[in-house]
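Structure, as structure tokens:
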Amino acid sequence: MSVVHHAVFGQPIAHSQSPRIHAAFAKAQGIALDYRAIEASPQDFAAALEAFAADDGVGANVTLPHKEAAFALCATTTSRAQRAGAVNTLLRKGERWHGDNTDGIGLVRDLTGRHGLDLRGRRVLLLGAGGAARGVAPALLDAGILELVVANRSPERADALADAMGEPGRAISAYWDGLREQGDFELIINATSAGRSDGAAFSLPLSLVNSLTTAVDLNYGEAAIPFLAWARAAGCRNSFDGLGMLVEQAAESFQLWHGVRPDTNEV
Ligand code: NDP
């Protein structure tokens with residue numbers, strides 16, 4: 001059996017679960033897979049990706065902080081990657097890279113399939129406006145939510161994300177400091193990386209929460225602790241981390257590369 005070469009690029013990358021997830025999918029499908037974790041700084045990312053291609057690399061995942069750079073490097077991209085302006089999945093086509101973004105569909109599959117949420121008609125608060133937030137925003141709108149309110153530490157990035165959705169009535173931005181005036185939400189999504197760096201407590205107005213609110217952190221492990229602690233203290237009905245999304249977005253990437261959809265429940 002010939003071995004197919006894949007990798008995940010990021011910085012830092014040591015914490016990544018992607019090699020384990022893809023190894024488990026490949027084993028279950030009987031595919032011989034070499035999936036590496038490659039640490040690359042923003043300055044080195046393009047060269048590292050070319051070196052990987054020269055070494056027979058045919059597919060890659062891209063994580064923090066390279067998703068927007070990966071989008072810019074692709075010769076072709078899917079429409080969902082274009083709406084996100086960010087790429088998390090690369091597929092080698094001839095001498096060029098084709099880019100997709102599976103983060104959004106991964107989150108929606110986890111919320112609806114695993115956690116049984118009906119997203120239709122819901123008010124959703126999205127915290128953050130980086131690559132992950134840009135990936136999930138279009139998929140949430142496509143899933144039929146009523147309204148998406150985006151708040152970010154740097155407000156101009158929240159404005160840009162809301163504008164990029166092209167639905168001024170449904171996707172709007174709000175100041176983080178002005179969230180108290182935004183009413184309550186059935187779904188609050190933390191797509192910031194705040195929990196990775198500060199170790200500081202997460203602080204948001206309690207008025208955002210109602211008796212049905214679900215809180216989901218796209219982070220997992222230690223980085224998810226501050227937000228999930230806030231969600232529990234605020235009385236959210238449900239709260240969970242981003243591990244399910246991670247597995248679902250990986251399954252979408254796996255399907256793009258290998259043409260088969262793996263069973264995510266096993267992993
Ligand atoms: P980016 O670096 O592109 O964006 C980071 C975001 O976090 C920005 O909105 C930034 O705000 C905000 N932020 C950073 N520090 C703070 C802080 N101290 N307080 C408030 N906001 C802050 O990262 P990504 O969007 O790619 O990833 C975000 C997180 O989501 C990561 O931790 C990543 O691991 C996780 N993730 C999980 C996935 C999964 O499958 N479960 C998939 C993708 C991402 P500003 O614009 O002001 O700098």
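With Cβ to Cβ distances under 13 Å as the rule, what net charge do the other residues near Asn265 carry (K, R +1; D, E -1)? Present the calculation step by step, with values, prior to reporting the outcome.
On the way: positive: Arg109, Arg114, Arg261; negative: Asp110, Glu248, Asp263, Glu266.
Within the 13 Å Cβ shell, the charges total -1.
Rounded to the nearest 500, what is the chain's calculated 222 nm mean residue ellipticity when only DSSP H runs of at least 4 contribute -39500 (n - 2.57) each, over all residues?
The helix contribution divided over the chain gives -10000 deg cm²/dmol.
Can you classify segment 133-194 as rounded, prolate or oblate using the Cα gyration tensor, where a ≥ b ≥ c are the square roots of its eigenvalues, rounded means a/c under 1.5, and otherwise it's prolate if a/b beats b/c and oblate if not? Kindly include the intermediate steps, with their values, before the conclusion.
On the way: a/c = 1.35, a/b = 1.20, b/c = 1.13.
Since a/c stays below 1.5, the shape of segment 133-194 is classed as rounded.
Which order do Leu212, Leu187 fall in if you start with the one that has the fewest other Cβ atoms within 10 Å? Numbers along the way, then the final one.
Numbers: Leu212 14, Leu187 22.
Ordered from fewest to most neighbouring Cβ atoms within 10 Å, Leu212, Leu187 come out as Leu212, Leu187.
Report the charge-dipole magnitude of the chain in Debye, nearest 20, computed about the Cα centre from +1 at each Lys and Arg Cβ and -1 at each Asp and Glu Cβ. Could you put the intermediate results ahead of the total?
Numbers: 23 positive and 30 negative charges, 76 e Å.
Approximately 360 debye in magnitude.
How far is helix 131-142 tilted off the main Cα axis of the chain, in degrees rounded to 10, range 0 to 90?
70 degrees
Which ordering of Ser154, Ser207, Ser239 is given by a fewest-first count of other beta-carbon atoms within 10 Å? Could the numbers behind the result be given before it?
On the way: Ser154 11, Ser207 14, Ser239 20.
The order, fewest Cβ neighbours first, is Ser154, Ser207, Ser239.
Shape call for segment 105-148 from the C-alpha gyration tensor, a ≥ b ≥ c root eigenvalues: rounded (a/c under 1.5), prolate (a/b greater than b/c) or oblate?
Details: a/c = 1.98, a/b = 1.29, b/c = 1.54.
The shape class here is oblate.
Quick one: length gained pulling Leu64 to Asp44 fully straight, 0.36 nm per residue minus the C-alpha distance?
Working: separation 20, 0.36 × 20 = 7.20 nm, distance 1.38 nm.
Answer, rounded to one decimal: 5.8 nm.
To the nearest 20 Debye, how big is the dipole of segment 102-182 about its Cα centre, given +1 on the beta carbon of each Lys and Arg and -1 on that of each Asp and Glu?
Roughly 240 debye for segment 102-182.
Answer rounded, prolate or oblate for segment 1-115, using the Cα gyration tensor with square roots of eigenvalues a ≥ b ≥ c: rounded when a/c is under 1.5, else prolate when a/b is larger than b/c, else oblate. Could you put the intermediate results ahead of the total?
Working: a/c = 1.40, a/b = 1.04, b/c = 1.34.
The shape class here is rounded.
Under a Cβ-only charge scheme (Lys and Arg +1, Asp and Glu -1), can you give me the dipole magnitude of segment 17-171 about the Cα centre, in debye to the nearest 20?
That gives a dipole near 520 debye.
Working out 0.36 nm times the residue gap between Arg96 and Asp118, then minus their Cα-Cα distance, what length gain in nm do you get to one decimal? The partial results should precede the final answer.
Details: separation 22, 0.36 × 22 = 7.92 nm, distance 3.88 nm.
Stretched fully, the Arg96-Asp118 segment lengthens by 4.0 nm.
Starting from the Cα of Gln11, step 7 Å along the direction of its Cβ; do the same at Asp159; then give the gap between the two resulting points in nm.
Distance between label points: 2.9 nm.
Calculate the spin-label point distance for Arg180 paired with Val3, positioning each point 7 Å from the Cα along the beta-carbon direction, and give it in nanometres.
Going from the Val3 label point to the Arg180 one covers 5.9 nm.
Considering only DSSP beta bridges whose two residues both sit in the chain, what percent are antiparallel, to the nearest 5?
Values: 8 of 44 bridges.
Once the DSSP bridges in the chain are tallied, antiparallel ones form about 20 percent.
Just going by the charge dipole of the chain, with Lys and Arg at +1 and Asp and Glu at -1 on Cβ, which of Ser193, Ala60, Asn101 is farthest out on the positive end?
Of the options given, the answer is Asn101.
Bear in mind these aren't lab numbers, they're just calculated from the coordinates by the rules spelled out. Not measured: the values here are computed from a predicted model. Note that each Cβ is placed from the backbone with ideal geometry, even for glycine, and that neighbours are counted across all protein chains shown.
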